[in-house]
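Heads up, the thing below is written out as structure tokens.
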Amino acid sequence: MATEENNYLFGLLGKNISYSFSRGYFSEKFELLKLVNHKYVNFDIQDISELKTVLKENEPSLKGMNVTIPYKETVFQYLDKVDKKARQIGAVNTIKFTKKGKLIGYNTDFYGFKNSIKPLLKTHHKKALILGTGGASKAIAYALKKLNIEYKFVSRSGDGETILSYNDLNEKIITEYNILINCTPLGTHPNTDQSPNIPYEFISNKHLLYDLIYNPSETLFLSKGKQQGAAIKNGLEMLELQAEKAWEIWQ
């Protein structure tokens, strides 16, 4: 619950989020900037309907929120307005609270991803496979579109056209789609022995593997790609960039 001395309250909305990158990042930021009346907390809820209680208990101190799995899409119903880009993406990861108490949704994930992958792209990187179809994957797709990179989603049950299944992945597809982006939670600490079920033997030094996971810094997915000579990148810089963009919005 918000207290008077912490009259600028920010937080992360999610489920089972004790690991929270955001809380550590913003708490450190507030300390560095000597913002003693700013506080960042986790709002760990089991169902999106509990958001009503969170809002009620913490107004008027709440100024901004980050949103993570699994609420990036279901949070829409609680917002007064959604930014054009976030609406096009279909997912919100940042909420700004206006002085009049209105909630405005934004998406800074696509900004973080786009700017962190851009320096790694080579001229032959034309097509990407997005592993997973959750809220984060939508922002990735939007960023790839802006980078003029063709993409296809991969899920456990594909539709054969825009969404492939893991069973569809063969040498031809892996060779053709030489950017592989993991948007699934597979491989996140403590389950570091897990990785998406793809044919890693067809990965080469022409590939770029990007994992949205940052803990551990090198997932099994990235490690298997590196063994095949691929360039690899984890999700830490993306998180830092999207957090800074969120801070900009809250200001």
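Just subtract the alpha-carbon distance of T53 and N197 from 0.36 nm times their residue separation and send over the number in nm, one decimal. Write out the running numbers ahead of the final one.
Values: separation 144, 0.36 × 144 = 51.84 nm, distance 3.95 nm.
Taking T53 through N197 to full extension adds about 47.9 nm, to one decimal.
Just to check, using Stokes-Einstein with a Kirkwood Rh over alpha carbon pairs, what's the diffusion coefficient of region 156-218 at 25 °C and 0.890 mPa s in µm²/s? Each step should come with its number before you reach the end.
Numbers: Rh = 12.8 Å.
The diffusion coefficient I find is 192 µm²/s.
Evaluate the charge dipole of the chain about its Cα centre and quote only its size in Debye, nearest 20, assuming +1 on the Cβ of each Lys and Arg and -1 on the Cβ of each Asp and Glu.
Roughly 880 debye for the chain.
Taking H as built 1.01 Å from N, whose amide H comes closer than 5 Å to the amide H of Y19, not counting residues under 5 places away?
So Y19 has HN proximity to no qualifying residue.
Please identify the trypsin sites (Lys or Arg not before Pro) of region 154-251 that satisfy two criteria: DSSP loop assignment and at most 15 other Cβ atoms within 10 Å. Which are they?
Numbers: sites: R156, K172, K206, K224, K226, K233, K245; in loops: R156, K206.
Passing sites in region 154-251 are R156, K206.
Determine ³J(HN,Hα), in whole Hz, for all residues of region 144-153 in sequence, where each value follows from phi through the Karplus function 6.51 cos²θ - 1.76 cosθ + 1.60 and θ = phi - 60°; x replaces Gly and Pro.
Taking θ as phi minus 60°, the curve returns 4, 4, 5, 8, 6, 10, 5, 8, 9, 7 Hz for region 144-153.
Quick one: 3J(HN,Hα) in Hz for region 214-228, Karplus 6.51/-1.76/1.60 with θ = phi - 60°, rounded, Gly and Pro as x.
10, 10, x, 5, 10, 6, 4, 4, 5, 4, 5, x, 4, 4, 8
Restricting attention to region 170-251, which GluC sites (Glu not before Pro) occupy a DSSP loop and are surrounded by at most 16 other Cβ atoms within 10 Å? Numbers along the way, then the final one.
Working: sites: E171, E176, E201, E218, E237, E240, E244, E248; in loops: E218.
In loop regions of region 170-251 (DSSP not H, G, I, E or B), the sparsely surrounded GluC sites (Glu not before Pro) are E218.
With θ set to phi - 60°, apply the Karplus curve 6.51 cos²θ - 1.76 cosθ + 1.60 along region 10-23 and write out the HN-Hα couplings as whole Hz, x wherever there is a Gly or Pro.
Rounded to whole hertz, the list is 10, x, 10, 9, x, 10, 6, 10, 4, 5, 3, 4, 4, 4.
Going down the table (K52/K145; K39/K72; K29/K56; K96/K122), which pairs top 32 Å between alpha carbons?
K52/K145; K96/K122
For K15 and L120, compute 0.36 nm times the residue count separating them, minus their Cα-Cα distance, and round to one decimal in nm.
Details: separation 105, 0.36 × 105 = 37.80 nm, distance 3.21 nm.
Fully extending the segment from K15 to L120 adds 34.6 nm.
Would you please give the residues with an amide H less than 5 Å from that of L62, counting only those at least 5 places away or on a separate chain, with H modeled from the backbone geometry?
Counting only residues 5 or more places away or on other chains, the set is L9.
Every number here is computed from the coordinates shown, using simple stated rules; none is lab data. Please read all numbers here as calculations on a predicted model, not as lab measurements. Note: ideal-geometry Cβ built from the backbone for every residue, glycine included; neighbour counts use all protein chains shown.
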